[in-house]
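Note sheet for the following structure.
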Amino acid sequence: VERKDFIYEGKAKQVYSTTDENLVIIHYKDDATAGNGAKKGTIENKGILNNKITAMLFKMLEKNGIKTHLVDVLNDRDQLCQKVKIFPLEVIVRNVIAGSMAARVGIPEGTKPSNTIFEICYKNDAYGDPLINDHHAVALGLCTYEELAEIYRITGQINNLLKDAFDKIGITLVDFKIEFGKNSKGEILLADEITPDTCRLWDKETGKKLDKDRFRRDLGGIEEAYIEVLKRLGA
Ligand code: C5P
């Protein structure tokens, strides 16, 4: 499979078509943004680290029955992936309260809720990726109720698998964001990435943040934190 045309550029990745109409190449960049693009920067080697971290986690999930878009890692920064039509939804899971939820409802960061919290946001930069509910999502034509039910079911499985995997390496999976897409066969696949850009990861012993909050909150040691996550995953 050969790389063909540039299709799309997001904040952290680029997408290229290939000579196979069902496959794309996803290129991981070092660009970092926060606050819906309000803060911009680069994190040295982030693309290389996130390409590897996503691949390790997606392979672990695949082994446990989760269908993902990942086909192959081509090199340091490029993945071969199934072409999917992305649902314009950010699916967020919270095992511990932090970030925007802590701010929105006035619960201190670090509080453990009695139940796992699922949120969905409408992927729309112009409107700042607003938090919506199931009925908004269907009314906006983003997905059907049936697709949402399937997405929540898979998301619950992914959360259990990820929580366990991180727990084993001394990390609390506080929260994370995932995205789903549909391939040409109509299958719903986990797409995008799972990385310290898209998760909150706290060291179980010290509480040290091993994720993009180091960039968002100017804590320094960003690249080191991402390297630490990759190392603990067994790379
Ligand atoms: O900011 P908030 O607390 O809503 O983020 C929840 C989780 O979703 C965090 O792990 C964050 O990194 C992730 N997220 C993301 N992309 C966004 C918004 C949030 O990966 N656009």
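For segment 36-51, enumerate the residues that are surrounded by fewer than 21 Cβ atoms within 10 Å (Cβ to Cβ), within 16 Å of the chain's Cα centre (by Cα) and in contact (Cβ under 8 Å) with a residue 40 or more places away in the chain.
Selection gives Asn36 alone.
Residues in segment 82-112 that are loosely packed, with under 13 Cβ neighbours inside 10 Å and of a type in the set (A, V, I, L, M): how many?
The number of residues fulfilling the criteria is 2.
Could you check, for segment 174-196, whether at least one of its residues is without any contact (Cβ under 8 Å) to a residue 12 or more places away in the chain, among the hydroxyl-bearing types (Ser, Thr, Tyr) and more than 9 Å from the ligand (Cβ to nearest atom)?
Scanning segment 174-196 turns up no residue that is without any contact (Cβ under 8 Å) to a residue 12 or more places away in the chain, among the hydroxyl-bearing types (Ser, Thr, Tyr) and more than 9 Å from the ligand (Cβ to nearest atom).
Go over the candidates Ile92, Ile120 one by one and state the one that is touching a Lys or Arg at 6+ places or on another chain (Cβ under 6 Å), closer than 22 Å to Phe180 by Cα and within 14 Å of the ligand (Cβ to nearest atom).
Ile92
Enumerate the pairs (first residue in segment 123-139 and free of Cβ contacts under 8 Å to residues at least 40 places away in the same chain and hydrophobic (A, V, I, L, M, F, W, C); second residue anywhere and part of a loop (DSSP other than H, G, I, E, B) and away from the ligand (no atom under 16 Å from the Cβ)) with beta-carbon separation below 7 Å, excluding pairs fewer than 6 apart on the same chain, so at least 6 apart or on different chains.
Cβ pairs passing all conditions: Val138/Thr144.
Given the conditions (1) more than 16 Å from the ligand (Cβ to nearest atom); (2) surrounded by fewer than 18 Cβ atoms within 10 Å (Cβ to Cβ), and given that Thr68 satisfies all but one, which numbered condition is not satisfied?
Here Thr68 meets the rest and fails (2).
A short reminder: the numbers here are calculations on the coordinates, not readings from a lab. These numbers come from a predicted model, not from an experiment. When we count neighbours, we look across all protein chains shown, and the Cβ atoms used for this are built from the backbone with ideal geometry, even at glycine.
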